[in-house]
Every structure is written in structure tokens, then in C-alpha cells.
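Each reported figure results from applying straightforward, stated rules to the coordinates on display, with no laboratory input. Bear in mind the structure is a predicted one, so any value in this text is a computation, not a measurement. We place every Cβ from the backbone using ideal geometry, glycine too, and count neighbours over all the protein chains shown.
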Amino acid sequence: MQIKQPKTASAFLVKAKQLQEERGKDYDRGAERSFDKTAKAFSAITGKEVTGAEVALLLQILKDVRQFSADRFHGDSVEDCIAYASLKAELLYQQYEANIESDKLLV
């Protein structure tokens with residue numbers, strides 16, 4: 001299915017959601033949540049601890065570097081960057097969820 005190139009911020013968000021859903025069908029039993037597993041593998045290989053959110057950030061930076069390496073719009077890089085940003089937000093929320101919930105109790 002060919003999806004028309006988005007031109008607005010909302011359209012980019014919709015496209016990123018569609019991409020996540022499509023890729024989710026191929027990876028991690030429909031969830032496409034490989035970041036924590038990647039972080040564990042990286043940590044095991046290098047001895048340096050990283051989190052799933054940091055893996056998402058690294059991939060987001062990779063997509064930005066690719067976008068800004070040429071003087072043209074690269075839709076795949078932009079769309080993937082948006083998707084990685086939302087996945088990073090999810091991972092950060094999970095990482096700090098206990099603190100978020102206890103902060104709510106203090107308010």
C-alpha cells in the first residue's frame with residue numbers, strides 16, 4: 001500500500017504510527033519493542049550499561065544525521081525519527097514510572 005507523503009505535523013504523526021504498526025507485525029511478536037533487548041546485548045558485548053531509551057535516542061540521532069547529510073528531504077529518515085521519538089518517550093515513561101506515580105501522590 002502506497003501512502004501519500006505527509007505534509008503537516010499531524011500527518012507525520014499518523015504516518016509514524018502506521019510505520020510502527022507495520023513493523024510491529026514483523027518483529028517482537030507484533031509489538032516491535034526491541035530496545036531493551038538491544039540495550040542488554042550492547043551492554044553484554046561492551047560492558048557499558050545503556051537503557052532501551054538510550055538505544056532509541058541513538059537510532060533517532062542516526063536518522064537525524066542521515067537527514068542532514070544531504071540537502072534534500074529524506075522521508076524515511078524523518079518518519080523513522082518521529083517513530084523513535086515516541087518509542088523513546090514510552091521507554092522513558094516506563095523507566096521513571098514509579099517516580100511519576102509517587103510525585104502524583106505528593107501533589
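The stretch between A89 and Y27 holds 20.4 nm of extra length on full extension. This uses 0.36 nm per residue minus the Cα-Cα distance. Descending by average beta-carbon neighbour count within 10 Å, the peptides 76-83, 12-19, 65-72 line up as 76-83, 12-19, 65-72, the highest first. Measuring nothing but how far apart in sequence close Cα pairs (under 8 Å, 6+ apart) lie, relative to its length, the stretch 16-106 scores a relative contact order of 24 percent.
A Förster distance of 35 Å, applied to the separation of the beta-carbon atoms of Y96 and V65, puts the FRET efficiency at 0.80.
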